[in-house]
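Colleague: Provided herewith is a single structure, encoded as structure tokens, for subsequent inquiry.
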There are 2 protein chains.
Amino acid sequence: MENIKGLCTNPDPVTQKYVFNHTMLRVRDPEVSLDFYSRILGMKLLRKIDFNEWKFSLYFLAMIENESQIPTDNDKSRARFTAGLSGVLELTHNHGTELEEKTPYHNGNTEPRGFGHICFSVPDIKAACARFEALGVPFQKKLGEGGMKDIAFIKDPDNYWVEIIEA
Amino acid sequence: MENIKGLCTNPDPVTQKYVFNHTMLRVRDPEVSLDFYSRILGMKLLRKIDFNEWKFSLYFLAMIENESQIPTDNDKSRARFTAGLSGVLELTHNHGTELEEKTPYHNGNTEPRGFGHICFSVPDIKAACARFEALGVPFQKKLGEGGMKDIAFIKDPDNYWVEIIEA
């Protein structure tokens with residue numbers, strides 16, 4: 001990857017201890033979002049933090065191979081464990097939005113655009129998409145449709161796009 | 001983490017091979033965004049893909065401890081390597097936006113809200129924030145300000161919020 005404008009190929013060595021830890025999305029109803037990310041995609045809940053005085057709660061999820069890795073002693077050790085990981089998803093619930101019928105949130109793919117999607121890679125995309133269909137997950141784009149036939153997009157309960165690719 | 005409504009604690013074992021691979025953000029000018037994510041945050045560029053017929057390019061970056069891990073033989077092996085990782089950032093450049101003076105993109109933190117931020121954890125947040133200040137990085141919230149005094153938010157070139165926490 002040489003000669004790419006703007007790219008720094010020898011960053012300050014201190015940055016090599018930085019971790020791209022998480023992506024935060026606001027969700028209407030944590031009950032349906034947790035169901036989606038845990039049951040459909042297999043994520044594990046690492047931490048739940050309630051800020052009752054500010055009327056919001058945070059949920060931190062990640063793909064964890066072995067659940068015994070997750071500390072159970074106290075929230076401090078869970079916090080340390082969570083902060084050291086990469087590939088964490090933070091869901092923010094502003095209390096009360098779960099009473100709204102439709103999500104108040106914007107998925108970034110119509111104007112004004114910005115954030116586009118999150119993506120999961122899977123070992124067998126045909127099998128994964130067949131499983132999503134059987135589970136009634138809505139698709140933004142099915143496998144074989146559109147210009148890029150080898151990827152799919154499903155939609156989470158707030159209509160955020162979740163790209164599915166084969167690893 | 002028991003008794004959390006919606007949470008599935010025994011998802012289908014097939015999901016355990018799923019990987020939360022990446023988060024996609026649209027950027028105005030890849031030259032300034034690559035500078036930010038590589039020089040300031042230390043990310044490495046894994047792949048660049050040009051879709052000239054559709055007038056966009058994709059840049060995949062991640063924190064990589066040892067650059068010799070990145071395959072150099074061909075794009076297929078880089079694609080396989082990239083798809084197997086967690087914590088990848090995909091930047092989408094729609095050709096021509098770099099000619100606009102201001103970013104056409106919305107960071108999700110004013111109406112309509114949705115996506116909130118990405119986050120990096122660092123070993124020493126005071127040192128990291130001092131470094132960002134010395135490098136002229138704009139802050140959304142400095143350490144010690146606001147309700148949560150132990151975190152900071154810097155802003156990327158499109159004004160996306162990048163949270164900084166201590167691991």
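Read-outs: derived from the displayed coordinates by stated rules, not from any lab. Model, not experiment: these values are computed from the prediction. In this analysis, Cβ positions are derived from the backbone assuming ideal geometry, glycine residues included, and neighbour counts consider all displayed protein chains.
Colleague: At what distance in nm do the modelled label points of A:GLU53 and B:GLU53 sit from each other, each positioned 7 Å from its Cα along Cα→Cβ?
Modeller: Label-label distance for A:GLU53 and B:GLU53, simple model: 5.8 nm.
Colleague: Let me ask something else. Taking K and R as +1 and D and E as -1, what net charge do the other residues with C-beta under 14 Å from the C-beta of B:LYS142 add up to?
Modeller: +1
Colleague: Rounded to the nearest 20 Debye, what is the dipole magnitude of segment B:116-167 about its Cα centre when Lys and Arg each give +1 and Asp and Glu each give -1 at the C-beta?
Modeller: Value, rounded to 20: 120 debye.
Colleague: A follow-up question, please. Summing -39500 (n - 2.57) over the DSSP H runs of n ≥ 4 in the protein assembly as shown and dividing by its residue number, what mean residue ellipticity at 222 nm do you reach, to the nearest 500 deg cm²/dmol?
Modeller: Numbers: 6 runs with 52 residues, N = 334.
Mean residue ellipticity, 222 nm, calculated: -4500 deg cm²/dmol.
Colleague: Now a separate question. Could you size up the charge dipole of segment B:57-99 around its Cα centre, putting +1 on the beta carbon of Lys and Arg and -1 on that of Asp and Glu, and report it in debye to the nearest 20?
Modeller: 160
Colleague: Here's another thing I want to ask about it. Connecting C-alpha atoms closer than 10 Å in a GNM of chain A, tell me which of A:LEU99, A:LEU61, A:LEU25 has the biggest fluctuation.
Modeller: For chain A, modelled as a Gaussian network with Cα springs under 10 Å, the answer is A:LEU99.
Colleague: If you don't mind, another one. May I ask you to report, in nm to one decimal and beginning with the shortest, the distances from A:VAL14 to the same position in the other copies, taking label points 7 Å along Cα-to-Cβ?
Modeller: 4.8
Colleague: Please sort by residue number the GluC sites (Glu not before Pro) in segment A:1-99 whose DSSP state is loop and whose Cβ has at most 16 other Cβ atoms within 10 Å.
Modeller: For GluC sites (Glu not before Pro) across segment A:1-99 that sit outside H, G, I, E and B with at most 16 neighbouring Cβ atoms in 10 Å, the list reads A:GLU2, A:GLU65.
Colleague: Please arrange A:HIS95, A:HIS117, B:HIS22 by how many other C-beta atoms lie within 10 Å of their C-beta, fewest to most. Let's see the in-between values first.
Modeller: Numbers: A:HIS95 14, A:HIS117 23, B:HIS22 27.
Arranged by neighbour count, lowest to highest, A:HIS95, A:HIS117, B:HIS22 become A:HIS95, A:HIS117, B:HIS22.
Colleague: Just counting partner chain Cβ atoms within 10 Å, what average do the residues of peptide A:119-126 show around their Cβ?
Modeller: Counting other chains' Cβ atoms within 10 Å and averaging over A:119-126 gives 5.
Colleague: Which of the trypsin sites (Lys or Arg not before Pro) across segment B:95-159 are loop residues per DSSP, with 10 or fewer other Cβ within 10 Å?
Modeller: Passing both the DSSP loop test and the Cβ count: B:LYS102.
Colleague: For B:GLU100, place a label point 7 Å from Cα along the Cα-to-Cβ direction in every copy; what are the distances to the other copies, in nm, shortest first?
Modeller: With the label placed 7 Å along Cα→Cβ, B:GLU100 yields 2.4 nm.
Colleague: Let me ask something else about it. Which whole number gives the average, over all residues in B:51-61, of C-beta atoms from other chains lying within 10 Å of the residue C-beta? Working shown, then result.
Modeller: Details: counts 2, 0, 1, 2, 0, 0, 0, 0, 4, 0, 2.
The mean count of partner-chain Cβ atoms within 10 Å per residue comes to 1.
Colleague: Please identify, among B:LEU46, B:LEU85, B:LEU58, the residue showing maximal mean-square fluctuation in a Gaussian network model of chain B using a 10 angstrom Cα cutoff.
Modeller: With Cα springs under 10 Å in chain B, the top fluctuation among B:LEU46, B:LEU85, B:LEU58 is at B:LEU85.
Colleague: Tell me which of B:GLY136, B:PHE120, B:ILE165 sits at the most positive position along the dipole axis of segment B:116-167, charges placed on C-beta atoms (Lys, Arg +1; Asp, Glu -1).
Modeller: So the residue we want is B:GLY136.
Colleague: Over chain A, with a Gaussian network built from C-alpha contacts below 10 Å, which listed residue (A:THR97, A:THR110, A:THR82) shows the highest mean-square fluctuation?
Modeller: Evaluated over chain A, the most mobile residue of the options is A:THR110.
Colleague: Specify the inter-centroid distance of segment B:115-163 and segment A:90-167, based on alpha-carbon positions, in whole Å.
Modeller: Here the answer is 29 Å between Cα centres.
Colleague: In whole Hz and in residue order, list the ³J(HN,Hα) couplings for segment B:145-156 that follow from phi through the Karplus curve 6.51 cos²θ - 1.76 cosθ + 1.60, θ = phi - 60°; x for Gly and Pro.
Modeller: 8, x, x, 10, 6, 9, 10, 9, 10, 9, 10, 7
Colleague: Tell me the label-point distance for the pair B:SER68, A:GLU145, using the 7 Å Cα-to-Cβ offset, in nm and rounded to one decimal.
Modeller: 4.7
Colleague: Evaluate the Kirkwood expression for the hydrodynamic radius of segment A:1-150, namely the inverse of the mean inverse distance over all pairs of different C-alpha atoms, and round to one decimal in Å.
Modeller: Numbers: mean 1/r = 0.0544 Å⁻¹.
Hydrodynamic radius (Kirkwood, Cα only) of segment A:1-150 equals 18.4 Å.
Colleague: Mind listing the label-point distances from A:PRO71 to the same position on all other copies, shortest first, one decimal in nm, points 7 Å along Cα→Cβ?
Modeller: In nanometres, ordered from closest: 3.7.
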